[in-house]
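The values are calculated or read from the model by the stated rules, or taken from the named source; none is laboratory data. This structure is a prediction, so every number in the text was calculated from the model and none was measured. Cβ coordinates were reconstructed from backbone atoms using ideal geometry, including for glycine residues, and neighbour counts include every protein chain displayed. Only protein heavy atoms, including side chains, enter the accessible area calculation; ligands, DNA and RNA are left aside. Shrake-Rupley method; radii C 1.70, N 1.55, O 1.52, S 1.80 Å.
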There are 2 protein chains.
Amino acid sequence: MKRSISIQTLQRLPIYLNFLKELSQNKRMNISAKCIADNLRLGEIQVRKDLAAVSSGGKPKVGYVTEDLIKDIEINLGHNNLHDAVLVGAGKLGKALLSYDGFKGYGLNIVAAFDVCGDVLGSNDSGKQILAIDKMKDLCERMKVRIGIITVPADSAQKVCDMLVESGILAIWNFAPTHLSAPENILIKSENMASSLALLSMHLIKNIDSKKGEMDNEE
Amino acid sequence: MKRSISIQTLQRLPIYLNFLKELSQNKRMNISAKCIADNLRLGEIQVRKDLAAVSSGGKPKVGYVTEDLIKDIEINLGHNNLHDAVLVGAGKLGKALLSYDGFKGYGLNIVAAFDVCGDVLGSNDSGKQILAIDKMKDLCERMKVRIGIITVPADSAQKVCDMLVESGILAIWNFAPTHLSAPENILIKSENMASSLALLSMHLIKNIDSKKGEMDNEE
DNA sequence: GGTATATCGATATGCATTTATCGATATACC
DNA sequence: GGTATATCGATAAATGCATATCGATATACC
C-alpha cells in the first residue's frame, strides 16, 4: 500500500517536512491538514491525501501529531539513511554545492568532487577533496557511491554522464543546461534553470500584457 | 489560441531550444518531430504537440525549419526581451549565480545583488555590484525590476520575500529551502533541491530494495 | 504525371493527479 | 451524558496531460 506514493506527492513531502519542523520548534503538538494547507497555499484535500500516503492517520478535531508526522515523512523520504554522492565539475556552481552543508539534512552526503582542470584540484574550502576525474570510477566502486551530481558545462555533460554510468552510478542530478541520455534504469533529474526561468518569464509577460491593456476583464 | 501553452510544455521548450541550437550550429536546415523525440528521449507525439503550441507548423516529409522553430520558441519564452532581476543573498550560491553568465541566453539579466553583511559589499568578481539591502527598494523602483532571486538562508527568506514584494517585484525565484507566502499576483518559483533529492533517494531505495530481494518479478 | 512514403495535424482514448462530496468519528461544551 | 462541530478518510467527479489512431499532404521516385 505504502509503495504507491505518486511523484507529485513525493515532491511535496519535503515542503511539509520543512513546515512541520518549524512548528515543532514552536512546540506545536498537533496540526490539522487545513492548517498546513492554508500556510503552504495548497489545497486542503491534497494535503490530506498526501499525508494519508505516508502517515498512520490523524484524529478528528485535533489533526495529526506533529512529531509523528515528521518521523513518517522522514522515513518515506529516506532521510534516515544517508546516500553518498560524487560531484563532477568544480566550477562556481559545483563549489557552491560542495560548500552547502544543508544536504545532509536531506539525506545526501557528497564524498568528493572531480574535475579535469588541474588548478582546482586539492582540498576545497568546504573541506571536501577535489580529485582528478580519472580517479572517479575507482572511488565510486570502492565506496559504492550511487548518486552523481553534474555541474560541468553543457558540452561536456553527456561525456560525464556516460562516465558516471560506467562508474556504477544509479541516479544523476544534472545541473548542466542540456538533456542527457542514459540507460533506462538510471534516473536523471535535471535541475533545469532555463525551464524555471521560462515560467517566471511567462508570468511577467502575461502580467505586463494585462497591465498594458487594462481592460480588467481580459480573457 | 497561442495563449494556452501548458506548464509542462512550457518547461520543455527550453530543452527543445537547446537541442535546436546545437543542430543549427551543425547547419541542419530541417528537423522532424520524430528526430527531436528520439534524441531527447521524448514521445514523438508529445514533441509534435508541444511544437504545435508555438510554431506555425512543419511540412510533411521534411519536418520543421530549424531556424524558424528556434525563433518561435524564443518568442514564446520571451528571450527576445531581457528581463532585469535583482538577487538577494550574496553567499556561496548567490555568488555562483551572479557569476554565471549563461542567464542572458535565457532572457534574464541580473542587474545587482543585495546583502545585509557588510563584508561582501562592493563589486563582485562577476563585475556585478553587491549593495546594502536598504538600497534595494529604491533601485528596483527606479529600474523597474520585476524579478527577484532569493539565495538567503531559510530563516530570513520570508522577510526578503516581503521586501521584494514591497519593491514592486512580480516574480520570485526562490533558492531558500523553505516555503514562501506572497500575494496572489506574485509568482513564486521555488527551486526545491529537497524535492529533487527526494526523487533521487526514492529511486535508489527502490532499486537497492529490488536488488536485495532479487525476485525478478517483484511487484 | 502518378504513386509511395514520410511526416504532419486533429480527434479520441486512457492515465494520473487534483478537486469535490459525503459520511464517520473524536473532542468540546452544555 | 447528549449534542454540536471540527476534522478525518473514502469514494466520486473533473481536470490536465500523455499516448494512440487516423486521415491529409507535401516531397521523392518511377
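Bridge orientation summary for the protein assembly as shown: considering DSSP beta bridges with both residues in this region, about 20 percent are antiparallel. Remind me, relative contact order of segment A:7-77 in percent, using alpha carbon pairs under 8 angstrom and six or more residues apart? Computed over segment A:7-77, the figure is 42 percent. Looking at the calculated P(r) for segment A:7-77, what percent of the C-alpha pair distances fall above 21 Å? That tail contains 11 percent of the Cα-Cα pairs.
When only Cα pairs below 8 angstrom with a gap of at least 6 residues are kept, segment A:96-154 shows a relative contact order of 25 percent. Computed about its Cα centre, the charge dipole of the protein assembly as shown is approximately 540 debye, with only Lys, Arg, Asp and Glu carrying charge at their Cβ.
Computed 3J(HN,Hα) for segment A:174-188, one whole-Hz value per residue from the Karplus formula 6.51 cos²θ - 1.76 cosθ + 1.60 where θ = phi - 60°, is 9, 9, 6, x, 7, 8, 10, 10, 8, x, 3, 6, 8, 8, 10, glycine and proline marked x.
Comparing Cα centroids, segment A:3-53 and segment A:119-180 end up 34 angstrom apart. Comparing each chain alone with all protein chains together (probe 1.4 Å, DNA, RNA and ligands left out), the residues of segment B:153-175 losing at least 50 Å² of accessible area are B:Leu170, B:Trp173. Taken one residue at a time, the phi angles of segment A:124-136 give Karplus couplings (6.51, -1.76, 1.60, θ = phi - 60°) of 8, 5, 7, x, 8, 6, 10, 10, 5, 4, 6, 8, 5 Hz. Gly and Pro are set to x. Each 5 Å bin from zero up to the one holding the largest Cα-Cα distance in segment A:71-141 carries the following percent of pairs: 3, 17, 26, 20, 15, 9, 6, 3, 1. Between B:Ser4 and A:Ile75, the simple label model (points 7 Å from Cα in the Cβ direction) yields a spacing of 4.4 nm. For chain A, leaving out every one of the trypsin sites (Lys or Arg not before Pro) that falls in a DSSP loop and has at most 16 other Cβ atoms within 10 Å, the longest unbroken run is A:62-143. Grab the other residues whose beta carbon is less than 13 angstrom from that of B:Ile130, score K and R as +1, D and E as -1, and report the net. So the environment of B:Ile130 carries a net charge of 0.
Beta-bridge orientation, segment A:83-195: approximately 10 percent antiparallel, per DSSP, counting only bridges with both partners inside. Amide H contacts for B:Asn30 (H built 1.01 Å from N in the peptide plane; partners 5 or more residues away or on another chain; cut-off under 5 Å): B:Thr66. Size descriptors for segment A:1-120 (Cα atoms only): Rg and Dmax, in that order, 17.8, 62 Å. Taking label points 7 Å from Cα along the Cα-to-Cβ direction, A:Glu22 and A:Asp38 give a separation of 1.5 nm.
Sequence-distant contacts, meaning Cα pairs under 8 Å at least 6 residues apart, place the relative contact order of chain A at 13 percent. 3J(HN,Hα) along segment B:158-167, derived from phi through the Karplus expression 6.51 cos²θ - 1.76 cosθ + 1.60 where θ = phi - 60°, amounts to 5, 4, 4, 4, 4, 5, 4, 4, 3, 7 Hz, with x in place of Gly and Pro.
Scattering from segment A:83-195 was approximated by placing one identical point on each alpha carbon and applying the Debye formula without solvent; log10 I(q)/I(0) at 0.09, 0.17, 0.20 1/Å stands at -0.19, -0.74, -1.06.
Taken over the alpha carbons of chain B as equal point scatterers, the Debye sum produces base-10 log I(q)/I(0) values at 0.14 Å⁻¹ of -0.98. Here the sum of -39500 (n - 2.57) over DSSP H runs of 4 or more residues, divided by the residues of the protein assembly as shown, equals -14000 deg cm²/dmol at 222 nm, to the nearest 500. Considering all different alpha carbon pairs of the protein assembly as shown, the Kirkwood hydrodynamic radius works out to 23.5 Å. Entry comment: accessible area of the protein assembly as shown is 52 Å² per residue, from protein heavy atoms only and a probe of 1.4 Å.
Taking other residues whose beta carbon is less than 14 angstrom from the beta carbon of A:Pro153, and scoring Lys, Arg as +1 and Asp, Glu as -1, yields -2. Within the shell of other residues whose beta carbon sits under 15 angstrom from the beta carbon of B:Leu97, the net charge comes to +1, with Lys and Arg scored +1 and Asp and Glu -1.
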